[in-house]
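Remarks on the structure that follows.
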């Protein structure tokens, strides 16, 4: 028999699924896996999208949609609207292509929420590892502290966020790429503390992290999505959205320049610090391969 979560428990945290109308074809796979791998999730799910209503039998799912005249609003504006509309202290931040492949460790999520209750300075527990230089040991088993000057200190990995802190780190004109790449600079002066899963201990919310999820640059990743679509008998024709080829294709020069210009608008005087950290990361990677 399924036990219904208490009102206080369900109001403590909400699962925010970041998406958009154009990705509605991904929702059936996301929800099928979510229901299978976390059937007794105690928290409601809210889909951040423009206008479509999301539904999934057996799950408490609702959509946060913008007013009709605001359907073209930037991603950042939609995320802020979604976050501000919630009453919970915390949000479990997900993207629609983070399709679960293993059962969720609900007890670990409860522990993280308990630690955040006890220490209001904690902004986030990333449930995946965030690569970076030497990290201080953490008093929280399975997690480590993220140093202040670290690339992607703000990122889209599955994470338990203090909702107000996430609001403080998001701007209306953000898109997901600028938000995590250059928006990271906002964390350098932010009051919060940031933690991520230690390498090899990314066991709380397990999806295909190494492949980046079921979608890459708008197309299905067949190695990830194919077996799951078959597992849940969804009959999704991946050719409609398209199938990605080799990952990691370099961006064009014009794309890089456009992202750089957006980054300077997002980071202001801290933008050079982000560029320096990116170059430093690449130099370390090359040195490690030598």
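The values are calculated or read from the model by the stated rules, or taken from the named source; none is laboratory data. Nothing here was measured: the structure is a model prediction, and the numbers come from that model. Virtual Cβ from ideal backbone geometry, glycine too; neighbours counted across all protein chains shown.
Among the criteria (1) at pLDDT below 95; (2) within 25 Å of residue 169 (Cα to Cα); (3) assigned to a helix (DSSP H, G or I), the one residue 83 does not fulfil is (1). Taking the range 133-228 and the strands (runs of 3 or more DSSP E) fully enclosed by it, the elements with 1 or more residues that are at pLDDT 90 or above and either touching a helix residue (DSSP H, G or I) at 6+ places or on another chain (Cβ under 7 Å) or under 16 Å from residue 96 (Cα atoms) (or both) are at 159-162, 193-197. Give the residues of the range 117-132 that are closer than 19 Å to residue 12 by Cβ and part of a loop (DSSP other than H, G, I, E, B), sorted by residue number. Those that are closer than 19 Å to residue 12 by Cβ and part of a loop (DSSP other than H, G, I, E, B): 119, 120, 121, 127.
Confirm whether residue 240 is part of a helix (DSSP H, G or I) and touching a residue at least 24 places away in the same chain (Cβ under 8 Å). Criteria met by residue 240.
Among the conditions (1) more than 14 Å from the chain's Cα centre (by Cα); (2) outside any helix (DSSP H, G or I); (3) surrounded by 17 or more Cβ atoms within 10 Å (Cβ to Cβ), the only one that residue 91 does not satisfy is (1). Confirm whether residue 39 is under 23 Å from residue 236 (Cβ atoms) and either touching a residue at least 24 places away in the same chain (Cβ under 8 Å) or surrounded by 16 or more Cβ atoms within 10 Å (Cβ to Cβ) (or both). Yes; evaluated as a whole, the condition is true for this residue. Here residue 233 clears all of (1) in contact (Cβ under 8 Å) with a residue 12 or more places away in the chain; (2) out of contact with any strand residue (DSSP E or B) (no Cβ under 9 Å at 6 or more places or on another chain); (3) assigned to a loop (DSSP other than H, G, I, E, B) except the condition numbered (1).
Let's see how each residue does on (1) modelled with pLDDT under 95; (2) touching a helix residue (DSSP H, G or I) at 6+ places or on another chain (Cβ under 6 Å); (3) over 21 Å from residue 172 (Cβ atoms):
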residue	(1), (2), (3)
52	yes, yes, yes
67	yes, no, no
70	yes, no, no
73	yes, no, no
77	yes, no, no
108	no, no, yes
118	no, no, yes
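Kindly establish whether residue 137 is within 24 Å of residue 38 (Cα to Cα) and either free of Cβ contacts under 8 Å to residues at least 40 places away in the same chain or surrounded by fewer than 20 Cβ atoms within 10 Å (Cβ to Cβ) (or both). No; evaluated as a whole, the condition is false for this residue.
All conditions in (1) without any contact (Cβ under 8 Å) to a residue 60 or more places away in the chain; (2) surrounded by fewer than 22 Cβ atoms within 10 Å (Cβ to Cβ) hold for residue 128, with the sole exception of (1).
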